[in-house]
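Values in this text are rule-based calculations from the coordinates and carry no lab data. Fair warning: this is a prediction, and the values are worked out from it, not measured in the lab. No Cβ is skipped: glycine too gets one built from the backbone with ideal geometry, and neighbour counts run over all protein chains shown.
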Amino acid sequence: MDINIQPTQNPKPRPDPETLEFGRKFTDHMFIAEYEEGKGWYRADILPYGPLKLEPSIMALHYAQSVFEGLKCYRAADGRLLLFRPEMNFKRMNRSNERLCIPYIDEDFALHALMELIKTDGDWVPSLDGTSLYIRPFVFASECALGVHPSRRYKFMIILSPVGAYYKEGLNPVKIVIEDEYVRSVRGGIGFTKGSANYAISLKGQEKAQANGFTQALWLDGVERRYIEEVGTMNVFFKINGEVVTPMLSGSILPGVTRDSVIQLVKRKSIPLSERRVSVDELLEAQESGLLEEAFGSGTAAVISPIGSLSWKGRERIIAGAGIGELSRGLYDQLTGIQYGRLPDPFGWVREVV
Ligand code: COI
């Protein structure tokens, strides 16, 4: 399918890279493809970024049949534009699509569309250390109907946003509270997808956490309410007595691209790592006996985010002296080094935009 490109006649001023927030500014163009039952994906355009004309009855607004992805484009010191494992995102998008009865999107085509869009807006990729171009692919049900059934029309879009750090803390440790009232997901649900509804369901816990002075809520499993799952915007890792431990993918946790990359980087350092169930009790005991050496979150938006304290039922436990642990710092440096093309890429993760 050819992509029609309609360049903007009104390019926007580029934002000051020093004051970039996360996801507040958008580039000059957007990608949009259309699907209709019987026709398949039949049209693809790159258009000036701007409002969509949609009827109030589109199904995504009523029944949350929508999914998204998140990845970044980095500017290397020599000016090259680099993507980090983008094929993983489009594969995961199709797993989300499958679970939400959204039609398959050819992954090579999606990557091609992304490359074309980035080339159109290439000068929006910031070069300041720690900044990047955040990429947001998303798919939503656009049939106008109120009956509950899979939509017969969809739009697949990509928008781009030059960003700074996701958390205002940057690489400084965040304060996390373990949520004991609400749950994010249960096995058999959509926790493993990037279904938009997963994020709607997390808002209440996040609001509560922030009202109490925490950065984010850490979710427990929805059945026994004992096992650590994820933060919603990040997967989590703990270093306990020399071993790195992360919750196993149980169906209710997002299989993060950064999570997978961290696992491979840790294994390469020959540090023991296991993906298994981790209970709150185990964590608290490890912290009390001094064996919980480090904790950190991983995510595309958040990168590596050291966890300085974990709170549970009103008691705050300090981790790694509320500082940046050696492993977290090392992983951050290694990961961003590969992403920005400063370090060798032994895994072949980086794809240049050409
Ligand atoms: C990401 O890390 O890209 C995410 O999707 C998390 C959040 C910004 C929703």
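What you get for segment 4-163, charging only the Cβ of Lys and Arg (+1) and of Asp and Glu (-1), is a dipole of about 220 debye around the Cα centre. The mean of 1/r over all pairs of different alpha-carbon atoms in segment 232-354, once inverted, gives a Kirkwood hydrodynamic radius of 15.1 Å. Residues of segment 77-121 with an amide N closer than 12 Å to a point placed 7 Å from the Cα of R187 along the Cα-to-Cβ direction: none. Between the residues G170, N198, S127, the greatest Cα displacement towards the positive end of the dipole of segment 116-262, with unit charges on the Cβ of Lys, Arg, Asp and Glu, is found for N198. Compactness ratio for segment 1-146: Cα radius of gyration over 2.2 N^0.38 Å (N = residue count) comes to 1.11.
Note on E352 and Q264: with the Förster distance fixed at 25 Å, the Cβ-Cβ geometry gives a FRET efficiency of about 0.75. Between F109 and E18, the contour length at 0.36 nm per residue exceeds the alpha carbon distance by 29.3 nm.
Residue separation of L54 and R136 scaled by 0.36 nm, minus their Cα-Cα distance, works out to 27.6 nm of gained length.
Spatial offset of segment 295-354 relative to segment 169-203 amounts to 18 Å, using the alpha carbon center of each. Bridgeable lysines around K269 (alpha carbons under 29 Å apart, same-chain partners fewer than 8 residues away excluded): K72, K91, K175, K239. Each residue of segment 100-235 gets 159 Å³ once the volume of the Cα convex hull is shared out per residue. If R₀ is 22 angstrom, what is the calculated FRET efficiency for the pair E326 and N172, using the beta carbon separation as r and rounding to 0.05? FRET efficiency, E326 to N172: 0.90. Computed over the alpha-carbon atoms, the chain gives an Rg to Rh ratio of 0.97, Rh here being the Kirkwood radius from the mean inverse distance. For the peptides 205-218, 80-93, the ranking by mean Cβ contacts within 10 Å, running from highest to lowest, is 80-93, 205-218. Think of segment 174-339 as a dipole: +1 on every Lys or Arg Cβ, -1 on every Asp or Glu Cβ, centred on the Cα centre; then among G213, A301, V244, A301 lies furthest on the positive end. Relative to the current alpha-carbon distance between A200 and D333, full extension at 0.36 nm per residue lengthens the span by 44.7 nm.
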